[in-house]
1. Is it the case that A157 is of a type in the set (A, V, I, L, M, F, W, C), at pLDDT below 80 and in contact with a Gly (Cβ under 9 Å, 6 or more places away or on another chain)?
2. Of everything in region 42-54, what is over 19 Å from the mean Cα position of the chain (by Cα) and either outside any loop (DSSP other than H, G, I, E, B) or touching a residue at least 40 places away in the same chain (Cβ under 8 Å) (or both)? Give them in sequence order.
3. If you take the residues of region 189-226 that are of a type in the set (K, R) and surrounded by 15 or more Cβ atoms within 10 Å (Cβ to Cβ), which of them is nearest to the chain's Cα centre (by Cα)?
4. So, in region 70-87, exactly how many residues are within 21 Å of R43 (Cα to Cα) and over 13 Å from the mean Cα position of the chain (by Cα)?
5. Tally time: how many residues in region 56-69 are surrounded by fewer than 18 Cβ atoms within 10 Å (Cβ to Cβ) and either over 20 Å from the mean Cα position of the chain (by Cα) or at pLDDT 95 or above (or both)?
Amino acid sequence: MAPVNGARGADSSPEPLRVVIVEDDVTTREGLGALIEGTPGYRCVGRYGSVEELMRKPPGRPADVVLLDINLPGISGAEGVRLVRERWSSTEVLMLTVYSDENKIFESICNGAVGYLLKKTPPARLIDAIREAASGGAPMSPEIARKVVTLFRKTPAVERPAEALTGQELRLLQLLADGHSYQAAAERLTISLNTVRSYVRNVYDKLHVHSKSEAVSKALRSGLIV
């Protein structure tokens, strides 16, 4: 894959985004590593062939984003999401797959993945998706997004939370469900980024969830947002 220049934009911080790759195919893993290392503002801090290897030999500091293959030997990518999120709560997980398998999509999202991309995604879009995931967005290939909407429509409704969400919290949840980052949501709601983070913590407490994906999933299934 060829390097993609200037993907982070002029307002990015000086420190590069730290990315870890978990992919069992050596050619794909090395290609992704070369793409990330060759793109200004990004740094590949670990390349692993399995979730077990990542857990045994983790990077020195938590990564901003983990690119995680869904079909892995041993612990599956879908289950690996949960393990990554439990160990590194600040790390976002972006799934990579060849096939848009509905069951694995649903399991990965429920376990805390923020995005889901097909491996045929163009390099420039993949680089943008890594930045988007690190910024609070939920990047998905169009084919995956359509399946996610269908899955949530099929999923049985759940009871609404006992503690009602405020109008502003509901508006924020809807923006997050629509794929907006925290920064973009703050701008749309004309509030600060810190206020958005405070709202997110309140939403997690009220919905009894631990990740953005869980919050959006529960809100959709309970009819709080559409």
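1. Details: of a type in the set (A, V, I, L, M, F, W, C): yes; at pLDDT below 80: yes; in contact with a Gly (Cβ under 9 Å, 6 or more places away or on another chain): yes.
Yes, satisfied.
2. Going residue by residue through region 42-54, those that are over 19 Å from the mean Cα position of the chain (by Cα) are 49, 52-53.
Answer for region 42-54, where residues must be over 19 Å from the mean Cα position of the chain (by Cα) and either outside any loop (DSSP other than H, G, I, E, B) or touching a residue at least 40 places away in the same chain (Cβ under 8 Å) (or both): E52, E53.
3. Out of the qualifying residues, it is K212.
4. 1
5. Counting residues in region 56-69 that are surrounded by fewer than 18 Cβ atoms within 10 Å (Cβ to Cβ) and either over 20 Å from the mean Cα position of the chain (by Cα) or at pLDDT 95 or above (or both) gives 3.
The values are calculated or read from the model by the stated rules, or taken from the named source; none is laboratory data. Owing to the predicted nature of the structure, the values given are computational and were not obtained by experimental measurement. Here Cβ is always computed from backbone atoms with ideal geometry, including for glycine, and neighbour counts include all displayed protein chains.
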